[in-house]
Amino acid sequence: MSVQLSDAQNAVAALPTDRRIFLEGIAGTGKTTAAVARLEHLLRSGVPGSDILLILPQRTLAAPYSTSLRRPTTPAGGEVDTVTIGGLGQRMIELYWPLVARQAGFAHPDRPPVFLTLETAQYFMARVVRPLLEAGYFDAVRVERNRLYSQILDNLNKAAVVGFDATEIGPRLKAAWVGESAQLRVYDEAQEAADRFRATCLAHNLLDFSLQYEMFSRHLWPLRPCRQYLLARYRHLIIDNTEEDTPVSHDILAEWLPHTTSALVVYDEGGGYRRFLGADPGSGYRLKALCQEQDRFDRSFVTSPPVQTLGKALRRALRAKPNAGDTAPVMGRRTSPVLAEELEFDAPKPPGVELPVDSAPAIWDALEVEGRRYYHEMLDWVADRIAVLVHDEGVKPGQIAVVSPFVSGGLRFALENRLAVHGVPVRSHRPSRALREEPVTLCLLTWAALCHPGWRIRPAPFDISQALMLTIADMDLVRAQLLADIAYRTRDGIPTLTSFAEIEPAMQERITFLLGGRYEGLRTWIGAHTVPVDQTWDPPVRTGMARGDRSRRRVELDHFLSRLFGELLSQPGYGFHASYDAGEQTAKVIESARKFRQVMAASGEGDASPLGGQSARTLGQEYIELVRDGVVAAQYVRSWQRQAEDAVLIAPAYTFLMSNMAVDHQFWLDVGASGWWERLNQPLTHPYILSRRWEHGHQWTDLEEYFARQEAMAELVIGLLHRCRRQIHLALSELSEAGSDQRGALLRTVQHVLRTERLAHH
């Protein structure tokens, strides 16, 4: 289906194929649509697809381009490559490894590199950090272990994407610290952990994200054969969401652009939502000077005039000039940091759409505010209001997004259940969610542990009851707990499930024979696939084979999970049948376990020879331990491949912003909560200090922290407004979920805007 382009979009798309173009504008002005049209124009003009490189800060942003390239009308001529700078680096490492491995410090340059996934990087970091924890390191830090691992990895990543040496992490953090001196020791310990992890990687040819980035930027891009290959191979660049990329990426692109035949650089004003991952909008904006054509889109195709008016009012309130003399050094500069135009950034802030006061639509046409005393009452109102929009006002569920600073499992569960009562479909996305927080993951691994008693992992009765409830269709929690209490036993030290026939008739009736029959199917499957304690091989294949032909194959966790899903869980009568969410999560776990196995095998860490000299354990055991440690799951592209599904989206606010989607209605949950303004507690890292814009040696004071939070909240709020067509629904809870009063910064800002609006109209 062709998209009707505006004159401005057509003008950019149809520029000669030998021009470098810089296109900027706020979200919703059609920049990506124009970029897709530009790609199509290049192909129609005879540019081979193999000469074009699409560069994005994350793969999930490629959806509009992929959709276009899949159309039957798209001209043939070779495949267009879509990469991140990190992904491009991995390709080049694989190609030129023998030339740079020794120079980069790897102990075995004659052996191939092993690329770590997010999960496996956390696994090896855990191996480094656990002995340090036993020695008393980080005893003053009150965060979960998985967050310790991820923050140390994040420090290494920051060093790589910003462009300073990994040994400078601790000194930079220490130089900016103004609090208690005990924190200085924490930074030293974080530096030592990072140094040890890096040494482990170099000794075993392991490349985490930071090393992939460093290898490409420091060793491969300066390498003449590598650079000549890239410059000759890709003559045309399309670079989208430049503001979300990192300084080192911008450095490479700044050197690349003058050698291209054509380029299109797309810059989203007001972006930089990935700043906690090293994004630097100001750094990206300097690419403008390298382009012959410079254009800006002003007209929003998304926001209505009332939403624009609301945005203007909130922008004024959030970026109001501070009182006289109330200045502070922000990002190493002394200024009035709340005013965007006074910040000494290279990148401009979006001016917004100015409307005459007398013709400006009332903000009440774009805003609905509803307060409740208690948190659960607020969620009730949200679900009821969405039901009215869908069933009475004809709004498609896919045009509704529910956003919050954080989306806990409890919040997601509560909203999904409430909307299910109303018959409203729901989907959710939480890319930084730990694997152990997913009920589907725990269900899968519970049955895996039960089928492998040799792993010495005995599931808790609660885990069994939860797994039964998810596994057996129509099984409620009460019956699941009853069945677990009756049927889950330990015999000769081995956990097992009792036959339904052995259960007392009265209990059978309470559970029902229908559910009992499904339970018996589960129990039979588990029995057929249980591996003896003294055996690491799976049982004979029973279906469709003669007894004499039954072979024994090596059991692998990902293979086991695939069979569990395909042979049992996805079948009629079982909980994953016709459930896309369960299937999607199962696929994620299988992919995670498979990559874990592959990395372990490539690193030489088999079941019998683990790195670090630990006692031999199977990879299944190691993987479950990894999940129990709270490892954060990698973000798979699959998670955002369902954009067209007509279902209400529940997502963290920043995740929604990075989806590059717009909806008619947004519900902002718990506007009085402090989470809209506060940063996550990160005692081992700091996104602002570990940036190129922070001047080394300057101290981070409370004023810097205040203004940084205020500016971040302003960017978040304005970004959400730019992605809303019709109405913002603010849901307030006087008391938090824990029962405390809520008067957060966003709520105070909204109240100020509403008071100002009332005064202006009276």
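The values are calculated or read from the model by the stated rules, or taken from the named source; none is laboratory data. Predicted, not measured: the structure shown is a model, and the values here were computed from it. Don't worry about glycine lacking a Cβ; one is built from the backbone with ideal geometry, like all the others, and counts go over all protein chains shown.
For segment 486-523, residues that are touching a helix residue (DSSP H, G or I) at 6+ places or on another chain (Cβ under 7 Å) and under 19 Å from Ala449 (Cβ atoms) total 7.
Which residues, taken from segment 439-469, are buried (at least 20 other Cβ atoms within 10 Å of the Cβ) and within 19 Å of the chain's Cα centre (by Cα)? Result: Val440, Thr441. Would you call Arg286 basic (Lys, Arg), touching a residue at least 12 places away in the same chain (Cβ under 8 Å) and part of a helix (DSSP H, G or I)? Judged against the criteria, Arg286 is a match.
For the subset of segment 287-299 comprising residues that are of a type outside the set (Phe, Trp, Tyr), touching a helix residue (DSSP H, G or I) at 6+ places or on another chain (Cβ under 7 Å) and surrounded by 16 or more Cβ atoms within 10 Å (Cβ to Cβ), which member is farthest from Pro16 (Cα to Cα)? Step by step, filter segment 287-299, then rank; the result is Leu287. Scanning segment 9-47 for residues that are more than 33 Å from the chain's Cα centre (by Cα) and surrounded by fewer than 21 Cβ atoms within 10 Å (Cβ to Cβ) yields Asn10, Ala11, Ala14, Leu15, Pro16, Thr17, Asp18, Arg19, Arg44, Ser45, Gly46.
Among the residues making up segment 557-590, those that are modelled with pLDDT under 90, assigned to a helix (DSSP H, G or I) and not hydrophobic (A, V, I, L, M, F, W, C) are Tyr580, Asp581, Gly583, Glu584, Gln585, Lys588.
With a requirement of 3 or more residues that are among the polar types (S, T, N, Q), the helices (runs of 4 or more DSSP H) lying completely within segment 179-267 that satisfy it span 182-204.
Among residues of segment 155-178 being in a loop (DSSP other than H, G, I, E, B) and not aromatic (Phe, Trp, Tyr), the one that is farthest from the chain's Cα centre (by Cα) is Val178.
If you go through segment 16-63 and keep only what is assigned to a strand (DSSP E or B) and in contact with a helix residue (DSSP H, G or I) (Cβ under 7 Å, 6 or more places away or on another chain), you end up with Arg20, Ile21, Phe22, Leu23, Gly25, Ile52, Leu54, Ile55.
Report every pair of residues separated by at least 6 positions or lying on different chains whose Cβ atoms are under 9 Å apart, first residue within segment 584-596 and closer than 17 Å to His429 by Cβ, second of a type in the set (D, E, K, R) and assigned to a helix (DSSP H, G or I). Cβ pairs passing all conditions: Glu584/Arg638; Ala587/Arg638; Lys588/Arg638; Val589/Asp558; Glu591/Asp558; Glu591/Arg638; Ser592/Glu119; Ser592/Asp558. Of everything in segment 311-335 that is modelled with pLDDT of 50 or more and touching a Pro at 6+ places or on another chain (Cβ under 9 Å), the residue that is surrounded by the most Cβ atoms within 10 Å (Cβ to Cβ) is Arg315.
Restricting Leu442, Leu450, Leu411 to residues that are within 23 Å of Asp581 (Cβ to Cβ), at pLDDT 90 or above and hydrophobic (A, V, I, L, M, F, W, C) narrows the list to Leu442. For the criterion of being at pLDDT 75 or above and within 21 Å of Val424 (Cβ to Cβ), Asp664 passes.
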